[in-house]
Amino acid sequence: MLLGILSDTHDQLVRTEAAVEILRTHGAEVLVHCGDLIESPIVEACSVLPSYFVFGNNDCDNVSFLKQAAAESGAVCLGWGGVFELAGKRIGVVHGHLTSDLRRVLNDRPDYLLSGHSHLTHDFREGPVRRINPGALYRAREFSVALLDLETDSLQFLPVPR
C-alpha cells in the first residue's frame, strides 16, 4: 500500500493538483494532508484518491468549510489530529503546531506520525514511531511531497516543480 503525504499547501491549488498527480503517477493509493489547506478546493483536489487530512494553524477560520468539503468529497477529516489504520499499520497525523495534539496522538501508539508545519522534510525514529514530514508546497526552498510504502517501510521525497 502506497501512501502519498503532503502538507502546507496554503491554498496553492495548481501546485497541489500537480503534487497529487505526481503522487498518483508514483502509485499512491491513499493521500494524507498534514494541514494548512486553507480553502476547500484543496480538499477536493486531494479527494481524487481516498484521503485523510488534519487542520493546521492557518485553517482556524475555515474549519467548518473544510469539514463540509470533506463530507461532500468523501475525505476523512481527523480534526486537529488523529490515528487511522491502513494496511495493518497505525498512522497518526497532526499538523505539528500544538504539543497537546502531538502528545495525544502519540499516546495512541501509532507506527507512523505524519506532520507538517515546519515546511521542512524530516524522517526519523523516536522510539518505535517513525516521524515523517513531507515538506511543503508553499514558502519552502524546494517544494516536496512524500511517498511511503507501508509494506516495505520505504520512503521517497518527491520534488514538486515551482
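Results for (1) basic (K, R); (2) surrounded by 17 or more Cβ atoms within 10 Å (Cβ to Cβ), shown as yes or no for each residue.
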residue: L78; (1), (2): no, yes
residue: P128; (1), (2): no, no
residue: P134; (1), (2): no, yes
residue: R141; (1), (2): yes, no
residue: S144; (1), (2): no, yes
residue: S154; (1), (2): no, no
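Residues checked against (1) modelled with pLDDT of 95 or more; (2) not in a helix (DSSP H, G or I):
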residue: I22; (1), (2): yes, no
residue: G27; (1), (2): yes, yes
residue: V43; (1), (2): yes, no
residue: L49; (1), (2): yes, yes
residue: V83; (1), (2): yes, yes
residue: G92; (1), (2): yes, yes
residue: L102; (1), (2): no, no
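Quickly run through the range 85-101 and pick out the residues that are under 11 Å from V32 (Cα atoms) and free of Cβ contacts under 8 Å to residues at least 40 places away in the same chain. Matches in the range 85-101: G92 only.
Within the range 62-82, residues that are over 23 Å from R103 (Cα atoms) have Cβ atoms under 7 Å from residues that are at pLDDT 95 or above and aliphatic (A, V, I, L, M) in these pairs: L66/L37; L66/V43; A69/V43; A70/V43; A70/V76; S73/V43; A75/V43, counting only partners at least 6 apart in sequence or on another chain. If the condition is being closer than 27 Å to V160 by Cα and among the charged types (D, E, K, R), then the range 98-138 contributes D111, D123, R125, R130, R131. Applying a threshold of 8 Å to beta carbon distances and a minimum spacing of six or more residues, or different chains, the list of pairs starting in the range 135-157 at a residue that is without any contact (Cβ under 8 Å) to a residue 24 or more places away in the chain and in a loop (DSSP other than H, G, I, E, B) and ending at one that is of a type in the set (K, R) and surrounded by 13 or more Cβ atoms within 10 Å (Cβ to Cβ) reads D153/R130.
When the range 25-42 is filtered for residues that are surrounded by 24 or more Cβ atoms within 10 Å (Cβ to Cβ) and under 11 Å from the mean Cα position of the chain (by Cα), the ones remaining, listed by number, are L31, V32, H33, C34, G35, D36, L37.
So is L113 assigned to a strand (DSSP E or B), at pLDDT 95 or above, closer than 16 Å to I5 by Cα and not acidic (D, E) or not? Taking the combined requirement at face value, the residue satisfies it. From G96, G127, G88, which residue is at pLDDT below 95 and more than 13 Å from the chain's Cα centre (by Cα)? When all the criteria are applied, what remains is G127. Within the range 134-153, being of a type outside the set (A, V, I, L, M, F, W, C) and under 18 Å from R90 (Cβ atoms) holds for D149, E151, T152, D153.
The values are calculated or read from the model by the stated rules, or taken from the named source; none is laboratory data. Since this is a predicted model, take the numbers as computed values, not measurements. So basically every Cβ, Gly included, is an ideal-geometry build from the backbone, and we count neighbours across all protein chains shown.
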